[in-house]
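Read through the structure below, which is laid out as structure tokens, and then see the notes.
None of the figures in this text is laboratory data; all of them are computed from the coordinates on show. Owing to the predicted nature of the structure, the values given are computational and were not obtained by experimental measurement. FYI the Cβ positions are ideal-geometry reconstructions off the backbone, even for glycines, and counts take in every protein chain you see.
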Amino acid sequence: GVEVQTDYVPLLNSLAMYGWQLTCVLPTPIVKTNREGNLSTKQIVFLQRPSLPQKAKKKESKVNNF
């Protein structure tokens, strides 16, 4: 008779616009009870985003005029 409710959609939608993607959700042993008797757990959420290609810096050669 246990029902698990999670709602990562708002978090994921807000971060997706910046390229972040959910990779893993790690449950922790931390459990709390609220006033209504509902249990809640803490979870660690891992996100990643692809690395952006770095622009190659052009080396400017210095010319010494004598």
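Could you grab the relative contact order for the stretch 8-48? Cα pairs under 8 Å, six or more apart, rounded to a whole percent.
Dividing the mean separation by the residue count of the stretch 8-48 yields 40 percent.
Once phi is turned into θ = phi - 60°, what whole-Hz ³J(HN,Hα) does the Karplus curve with 6.51, -1.76 and 1.60 give for every residue of the stretch 46-55, x standing for Gly and Pro?
These are the phi-based 3J(HN,Hα) values: 9, 10, 8, 9, x, 6, 8, x, 7, 6 Hz.
Going 7 Å from the Cα of L47 in the Cα-to-Cβ direction, what parts of the stretch 10-30 have a backbone nitrogen less than 13 Å from that spot?
Under cut-off, by backbone N: 10-24.
Which peptide among 15-24, 35-44 comes first, and what is the full order, when sorted by highest mean count of other Cβ atoms within 10 Å?
Details: 15-24: 11.7, 35-44: 9.2.
Ranking the peptides 15-24, 35-44 by packing returns 15-24, 35-44.
Using 7 Å Cα-to-Cβ label points, what is the V9/N38 separation (nm, one decimal)?
So the two model labels end up 1.6 nm from each other.
Can you work out ³J(HN,Hα) from phi for every residue in the stretch 19-33, in order, using Karplus 6.51 cos²θ - 1.76 cosθ + 1.60 and θ = phi - 60°, giving whole Hz and x for Gly and Pro?
Here the 3J(HN,Hα) series is x, 7, 10, 6, 10, 6, 10, 10, x, 10, x, 7, 10, 10, 10 Hz.
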